[in-house]
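Every read-out reported here was derived from the displayed coordinates using simple, explicitly stated rules and does not represent laboratory data. This is a predicted model, so every value here is computed, not measured. Because the Cβ atoms are built from the backbone with ideal geometry, glycine has one as well, and the counts that use them run over all protein chains shown.
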Amino acid sequence: MKKKKEREPQWYMSSTNIPVLNYNEYYMKKIEWLMYTITFAAIGAVIGYIFYGGIGLDIHGEPTRITYIINLSVMSVFGIISFKILMPMRKNQLKTNRKKKIRKQFVDMLESLSVSIAAGQNVPSAMQTVKDDLLIQYTEKDYIVQEISVFLREMENGIQIEELFLDFGNRSGIEDVSNFGKVFEVAYRRGGNLKEIIKNCYEILSEKIEIEMEIQTKVASSANQMNIMILMPIFLIAMLKSSGEGFAENFVSVSGIISTTVSIFVFIVAYFVGRKVLDIKA
């Protein structure tokens with residue numbers, strides 16, 4: 001039997017027992033998890049009721065006990081399905097947003113480090129200057145400032161700077177940060193031109209982020225149109241079912257239920273295909 005993959009921890013302990021964040025996993029706070037659980041379950045329940053509510057009416061169009069049972073069952077099932085689909089998507093979105101944030105902050109760190117190296121400082125001594133520079137635009141709670149603080153404490157305990165960059169690259173789960181750590185390790189140990197390497201890495205990453213922002217700006221309108229097109233059938237069916245018994249009866253018939261089910265499946269597939277198409281990376 002295939003074992004379920006164990007989830008990575010939220011925190012790792014450094015070689016000197018300093019807790020460091022694992023950016024590859026996103027752990028929600030209890031209140032955050034509860035808020036999203038209620039929201040996603042409610043969304044699913046409402047959608048389920050809109051599409052399948054009213055099944056089992058009597059000949060006079062009045063709800064029966066079976067109607068209430070079916071309504072409750074449908075809302076419960078759709079609430080669970082909605083939670084199962086939307087919660088992982090939201091966690092992944094929050095994790096991705098955090099990585100984008102730390103990536104941008106990392107580029108700002110490289111800019112400061114490049115300036116400090118150009119001014120004649122060596123890398124270890126420049127890290128305190130980098131932290132002071134970062135505190136001008138960030139706070140102590142921001143990820144990059146916390147990471148540099150860990151760097152400084154670790155270096156005081158004899159840990160080499162290249163090992164810290166490698167570890168940060170691995171924990172970040174960001175390819176650009178990881179690649180920098182590997183390049184920096186080789187250059188630092190073999191006496192490479194760190195000034196040019198750090199400067200070039202900063203310029204490449206800055207340009208890459210700028211291109212990605214331009215792409216996101218161009219596809220934003222398409223993404224909004226896609227979301228509207230996905231939501232329109234829900235509002236349309238809700239309006240039709242509330243406009244009169246004649247319309248509502250069409251949706252609770254056998255053919256109506258089959259058509260509704262097929263339509264839901266098609267829209268779900270279309271939504272995920274659309275997301276995939278719009279997920280353009282530089």
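What are the membrane-span-like helices in the chain by this rule: whole DSSP H runs, Cα extent along the axis at least 27 Å, mean Kyte-Doolittle hydropathy at least 1.6?
Values: long enough: 30-52 (32 Å, 1.26); 65-118 (78 Å, 0.19); 194-243 (70 Å, 0.46); 254-278 (36 Å, 1.72).
Once both thresholds are applied, what remains is 254-278.
Taking a threshold of 26 Å on the Cα-Cα distance, which of the pairs LYS91/LYS182; LYS95/LYS182; LYS131/LYS195; LYS95/LYS195; LYS30/LYS104 fall above it? Working shown, then result.
Values: LYS91/LYS182 29 Å; LYS95/LYS182 23 Å; LYS131/LYS195 18 Å; LYS95/LYS195 32 Å; LYS30/LYS104 28 Å.
Among LYS91/LYS182; LYS95/LYS182; LYS131/LYS195; LYS95/LYS195; LYS30/LYS104, the Cα-Cα distance tops 26 Å for LYS91/LYS182; LYS95/LYS195; LYS30/LYS104.
Rounded to the nearest 500, what is the 222 nm mean residue ellipticity of the chain from helices alone, with -39500 (n - 2.57) per DSSP H run of 4+ residues and division by all residues? Before the final figure, lay out the partial values.
On the way: 9 runs with 217 residues, N = 282.
Estimated from H runs of four or more residues: -27000 deg cm²/dmol.
Relative to the Cα centre, what is the charge dipole magnitude of the chain, using +1 at the beta carbon of each Lys and Arg, -1 at the beta carbon of each Asp and Glu, and rounding to the nearest 20 debye?
Working: 33 positive and 30 negative charges, 156 e Å.
The dipole magnitude comes to about 740 debye.
Quick one, what does Rg over Rh come out to for region 25-169 if you take C-alpha atoms and the Kirkwood Rh? Intermediate results must be reported in sequence, preceding the final value.
On the way: Rg = 26.2 Å, Rh = 19.4 Å.
Ratio of gyration radius to Kirkwood radius: 1.35.
With the Cα gyration tensor of region 163-236 giving a ≥ b ≥ c as the square roots of its eigenvalues, does the rule (a/c under 1.5 for rounded; else a/b larger than b/c for prolate; else oblate) give rounded, prolate or oblate?
Numbers: a/c = 8.20, a/b = 2.74, b/c = 3.00.
Since a/c reaches 1.5 but b/c is at least a/b, the shape of region 163-236 is classed as oblate.
May I ask for the equivalent-ellipsoid semi-axes of the chain, computed as the square root of five times each C-alpha gyration tensor eigenvalue and listed largest first in whole Å? Before the final figure, lay out the partial values.
Details: eigenvalues 575, 85, 43 Å².
Taking √(5λ) for each Cα gyration eigenvalue gives 54, 21, 15 Å.
What distance in nm separates the two pseudo spin-label positions at LYS208 and GLU6, each 7 Å out from Cα along the beta-carbon direction?
Placing both labels 7 Å along Cα→Cβ, they lie 3.1 nm apart.
Hey, can you rank 262-273, 97-108 by average C-beta count inside 10 Å, highest first?
On the way: 262-273: 12.4, 97-108: 17.6.
The most tightly packed comes first, giving 97-108, 262-273.
Hey, can you rank 40-52, 157-169, 129-141, 217-229 by average C-beta count inside 10 Å, highest first? Could the numbers behind the result be given before it?
Values: 40-52: 19.5, 157-169: 17.8, 129-141: 14.5, 217-229: 12.0.
Output ranking for 40-52, 157-169, 129-141, 217-229: 40-52, 157-169, 129-141, 217-229.
Report the FRET efficiency, 1/(1 + (r/R0)^6), for VAL277 and LYS141, where r is their Cβ-Cβ distance and R0 is 35 Å, rounded to 0.05. Kindly include the intermediate steps, with their values, before the conclusion.
On the way: r = 37 Å, r/R0 = 1.04.
According to the calculation, E is roughly 0.45.
What residues from region 88-128 fall in the zone where the backbone N is under 15 Å from a label point 7 Å along the Cα-to-C-beta line of MET35?
90-91, 94-95
Run the paramagnetic zone check for ALA270: 7 angstrom along Cα to Cβ, then residues of region 66-96 with backbone nitrogen under 18 Å.
none
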